[in-house]
Amino acid sequence: MLFTPITSESQHSGTTFFSKYAALLDIAVRVGDVVILVVAACLCHWLRFDSLVLDRPYNAATLRTAILAVAVFPAFGLYRSWRGEGLFAEIARVIAAWVAVLSLWMMSEWLVKSVGEYSRLWVGGWFIVTIVLLTAHRWMARRLLGVLRAAGVDTRRIVLVGATHAGKRIVAATRKNGWMGLNVVGVVQTPYDQYELPDIPSCGDLEQFIAGLDRDTPDQIWLALPMRAEAEIKRLLDATSELPTTIRLVPDLFGYELLSHQSTHLAGVPVITLRGTRVEGHARIAKAVEDRFLALAILLLVAPLMVLLAIGVKLSSPGPVFYRQKRNGLSGKEIEIWKFRSMRVHHESNGQVTQAVVGDPRVTRFGRFLRASSLDELPQFINVLQGQMSIVGPRPHALAHNRYFSERLDGYMQRHGVKPGITGLAQISGFRGETDTIEKMAQRVECDISYIDHWSIWLDFKIILRTPLVLLRRTNAH
């Protein structure tokens with residue numbers, strides 16, 4: 001790489017480690033918002049009735065409003081990343097969200113004709129005190145996360161493509177606002193450059209930068225290019241299609257407001273995300289909690305069945321009970337997944353991995369039952385507990401298959417933007433089992449990318465609930 005690289009392993013592991021703690025702060029903000037509503041209600045009750053303990057109907061009203069806040073606050077974008085967003089803009093959204101919650105509560109009380117049961121002084125005081133406490137809460141959270149980021153915690157390494165007017169503005173913004181945790185570590189030269197940025201290491205031209213990406217991949221690549229540079233933008237997107245890195249566009253054009261519905265602002269500079277993942281920050285922690293809780297519950301539930309299956313495998317043919325194989329996990333990192341062995345012990349030459357087909361002689365009789373019912377994959381819940389896999393996600397493919405398909409399908413490696421799963425959107429959509437053609441794999445990858453783009457806890461539960469119904473059909477598994 002032509003810019004001075006931070007050691008890839010240490011930097012990325014550090015970023016991931018500290019990002020988890022920054023995400024914990026985000027979760028604390030969510031919990032804190034609800035706690036603040038309750039505390040403000042108690043304070044106003046004390047000021048009005050000289051008692052901190054809420055009596056009826058105030059306790060029920062507070063509970064209903066807290067539940068409304070949990071549902072309504074995210075809809076106002078209160079928990080999205082605020083790197084670069086102004087404090088006053090966030091406070092305005094907080095006030096709008098609280099007004100919406102209180103209005104919905106009052107409307108519900110009016111419908112059941114119980115508005116008159118509440119003191120107007122209590123309601124008015126609750127409204128004002130909650131706004132004050134929520135504002136202070138957000139300010140403190142920003143200060144804490146800002147101090148951490150300014151100290152180098154939870155930072156992102158950025159390579160800027162284009163020393164244009166927009167590029168110069170973004171460099172100035174990141175340097176002026178160290179709390180954002182955005183570090184421009186290199187600049188790629190383009191034909192559209194307007195300025196010299198001598199204090200930022202050069203990555204050479206676009207082709208030189210692309211050639212070095214395999215050796216050192218930045219956390220994010222920002223394109224500060226005019227829209228007429230579509231060839232360069234497409235070239236970079238194609239070159240990074242196999243890399244789990246975030247690509248952002250900093251539009252260098254007059255009238256960029258036409259695209260503002262897709263953009264965010266970093267210290268006043270418009271930025272458009274071209275590629276990224278929804279499973280990061282607090283979402284990654286939420287998914288990890290979901291995975292481990294469900295995996296532990298399922299393993300405790302099916303432990304007797306797994307003992308019986310282990311005995312069946314042992315009696316079916318000589319060899320170990322479990323089959324372990326290297327696969328690619330999150331960000332392409334190699335992991336070792338566990339399965340109940342369903343084939344006779346055999347060795348393939350030259351590291352090849354041949355997919356099982358209908359009537360495959362290598363599959364034992366008992367193994368055929370395991371594969372058709374997918375019971376051979378039960379040990380992968382251990383992988384989930386270890387943090388290597390998720391219950392829901394793109395299925396992990398053998399390393400040889402990954403190499404084969406990544407060379408033939410654009411964007412194939414984007415599947416590794418999340419942890420691989422035991423089940424997934426592709427599996428419940430009918431793309432389960434043998435993928436003997438490029439077309440079949442392309443359909444599976446399309447489902448995987450769609451899952452990553454639209455991930456939510458609710459989507460995970462829908463996939464989990466539909467999986468047993470798909471397994472009952474016993475199709476496409478050999």
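The values are calculated or read from the model by the stated rules, or taken from the named source; none is laboratory data. Just so we're clear, the structure is a prediction, and the values are computed from it rather than from any experiment. Quick reminder, even Gly has a Cβ in these numbers, built from the backbone with ideal geometry, and neighbours come from all protein chains shown.
Six or more apart or on different chains, Cβ atoms under 7 Å: show the pairs whose first residue is in the range 288-316 and more than 17 Å from Gly367 (Cβ to Cβ) and whose second is outside any helix (DSSP H, G or I) and among the hydrophobic types (A, V, I, L, M, F, W, C).
Listed by first residue and then by second, the contacts come to Asp291/Ile391; Leu294/Ile391; Ala295/Ile391; Val302/Leu378.
Condition first: modelled with pLDDT of 90 or more and under 31 Å from the mean Cα position of the chain (by Cα). Can you find one or more residues in the range 349-363 that meet it?
no
Report whether or not Arg48 is closer than 22 Å to His282 by Cα and basic (Lys, Arg).
Spelling it out, it is not the case that Arg48 is closer than 22 Å to His282 by Cα and basic (Lys, Arg).
Which members of the range 407-424 meet the condition of being in a loop (DSSP other than H, G, I, E, B) and closer than 25 Å to Ile298 by Cα?
Answer for the range 407-424, where residues must be in a loop (DSSP other than H, G, I, E, B) and closer than 25 Å to Ile298 by Cα: Val418, Lys419, Pro420, Gly424.
Could you check how many residues of the range 51-80 are under 23 Å from Ala283 (Cα atoms) and either of a type in the set (Gly, Ala, Ser) or touching a residue at least 24 places away in the same chain (Cβ under 8 Å) (or both)?
The number of residues fulfilling the criteria is 12.
Within 25 Å of Ile285 (Cβ to Cβ) and at pLDDT 85 or above: which single residue out of Ser429, Ser450 fits that description?
Ser450
In the range 147-167, is there at least one residue being of a type in the set (Lys, Arg), assigned to a helix (DSSP H, G or I) and crowded, with 18+ Cβ neighbours inside 10 Å?
Yes, that holds for at least one residue.
Scan (1) aliphatic (A, V, I, L, M); (2) within 30 Å of Asp219 (Cβ to Cβ); (3) surrounded by fewer than 18 Cβ atoms within 10 Å (Cβ to Cβ) for the single condition Leu425 breaks and write down its number.
(3)
I need the full set of residues from the range 384-400 which are assigned to a helix (DSSP H, G or I) and more than 20 Å from Ala283 (Cα to Cα), in order please.
Leu399, Ala400
Going by the conditions given, is Asp205 more than 30 Å from Ala41 (Cβ to Cβ), acidic (Asp, Glu) and in contact with a strand residue (DSSP E or B) (Cβ under 7 Å, 6 or more places away or on another chain)?
Spelling it out, Asp205 is indeed more than 30 Å from Ala41 (Cβ to Cβ), acidic (Asp, Glu) and in contact with a strand residue (DSSP E or B) (Cβ under 7 Å, 6 or more places away or on another chain).
Output the residues belonging to the range 425-440 that are within 27 Å of Gln386 (Cβ to Cβ) and assigned to a helix (DSSP H, G or I).
Correct list: Leu425, Ala426, Gln427, Ile428.
Considering Val34, Val53, Val38, which residue is surrounded by fewer than 16 Cβ atoms within 10 Å (Cβ to Cβ) and either within 20 Å of Glu109 (Cβ to Cβ) or among the hydroxyl-bearing types (Ser, Thr, Tyr) (or both)?
Of the residues listed, the single one that is surrounded by fewer than 16 Cβ atoms within 10 Å (Cβ to Cβ) and either within 20 Å of Glu109 (Cβ to Cβ) or among the hydroxyl-bearing types (Ser, Thr, Tyr) (or both) is Val34.
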